[in-house]
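Have a look at the structure below before the remarks.
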Amino acid sequence: MGTVISIANQKGGVGKTTIALNLGYSLSRLGKKVLLVDVDPQFNLTFALIGMDVVNYEDKNVGTLMTRESSVEDVLIEVEENLHLIPSHLTLSAKEIEIMNTYNRERRLEKALKPIFPDYDYIIIDNPPSMGIFLVNSLTASDYVLIPLELSYFGVIGMQLMFNLMSMIREETNEGLRLLGIVPNKFTKQTKVPQARLKELKELYPDAPILTTIPKAIAIEKAQAEGKSIFEYEPNGKASKAFEKLAREVISIVEGQ
Ligand SMILES: Nc1ncnc2c1ncn2[C@@H]1O[C@H](COP(=O)(O)OP(=O)(O)O)[C@@H](O)[C@H]1O
Ligand SMILES: [Mg+2]
């Protein structure tokens, strides 16, 4: 049965899409069968994986899946043998109102994905930088949440919003939701700020697991701009090594117990 992991943070630009993409690739390179699901109307993950082909999916994407205009088989794209995608589309934002007015609106995604959970080892959901109905659907469908974080003042302060939302989800729709961990992203030793913020984070949330740190690396940005994973772009760089370490850590937490 696949384990569902939401990559979430209401803040934009913290690395959700980057981590969804490269963790997805990394897990698939380690022999896992991976499904990536893009529920961000900005479709960055979809674009990174299929480029301009996204225009062909106006009536076959995560939005039409959630409104039941499409079946799950209709919307699956095979990027690689062990890496599949359910794409987002520009039209997803317009679906929000429609979904808000349907029955069981918090469970539209969970119900649609459930039949294919057994086909994958990991289902990774990339989320928008907002706390609306798409994030609620993702968290309701998920076993775990992974929170990418930039070690800035507002980044650390903003964690509380995610923790509050997770508590609400546990109360209302998904009792079993767990925090997989926080991934400090864009980490640099050039200033002392990230180290200090990391210390603050540990003091504020002593129970939150801090996972592998991802370094700030220009290769990550360049790879994304070219629609490549970091493994294709710079296989032996420090960023690739960090993502492989993160994937192994995720596997050991999820499968180790
Ligand atoms: N570790 C990193 N080093 C350098 N650039 C990064 C890193 N992580 C993300 N980025 C860049 O930062 C920008 C925002 O990342 P993204 O993953 O799109 O954030 P989000 O999905 O949370 O909005 C992108 O241009 C991405 O390439
Ligand atoms: Mg994103």
Under the Karplus relation 6.51 cos²θ - 1.76 cosθ + 1.60, θ = phi - 60°, what is the ordered set of whole-Hz ³J(HN,Hα) values for the stretch 59-72, x standing for Gly and Pro? 10, 9, 8, 4, x, 5, 5, 6, 8, 6, 7, 10, 8, 5
Would you mind putting 201-208, 158-165, 183-190 in packing order, based on average other-beta-carbon counts within 10 Å, highest first? 183-190, 158-165, 201-208
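When Lys and Arg each count +1 and Asp and Glu each count -1, what net charge do the other residues less than 9 Å away from L45, Cβ to Cβ, add up to? If you can, show how the numbers build up before the last one.
Details: positive: K16; negative: D38, D40, D126.
Local charge sum for L45: -2.
What 222 nm value per residue comes from the helices of the chain, counting each DSSP H run with n ≥ 4 as -39,500 (n - 2.57) and dividing by all residues, nearest 500 deg cm²/dmol?
Values: 12 runs with 117 residues, N = 257.
Value at 222 nm, helices only, nearest 500: -13000 deg cm²/dmol.
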Calc'd 3J(HN,Hα), the stretch 196-210, phi into Karplus 6.51 cos²θ - 1.76 cosθ + 1.60 (θ = phi - 60°), Hz, glycine/Pro = x, comes to 5, 5, 5, 5, 4, 4, 5, 6, 6, 10, x, 8, 7, x, 9
Sequence-distant or interchain residues sharing an amide H contact under 5 Å with G181, placed H: which? V145, I147
Radius 12 Å from Cβ of L211, net charge of other residues (Lys, Arg +1; Asp, Glu -1): +1
Estimated vicinal HN-Hα couplings, Hz - the stretch 139-150 in sequence order (Karplus 6.51, -1.76, 1.60; Gly, Pro = x): 5, 5, 8, 9, 8, 9, 10, 10, 10, x, 9, 8
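Bear in mind that the values in this text are calculations on the coordinates, not laboratory data. Since we're looking at a predicted model, the values are computed, not measured. No Cβ is skipped: glycine too gets one built from the backbone with ideal geometry, and neighbour counts run over all protein chains shown.
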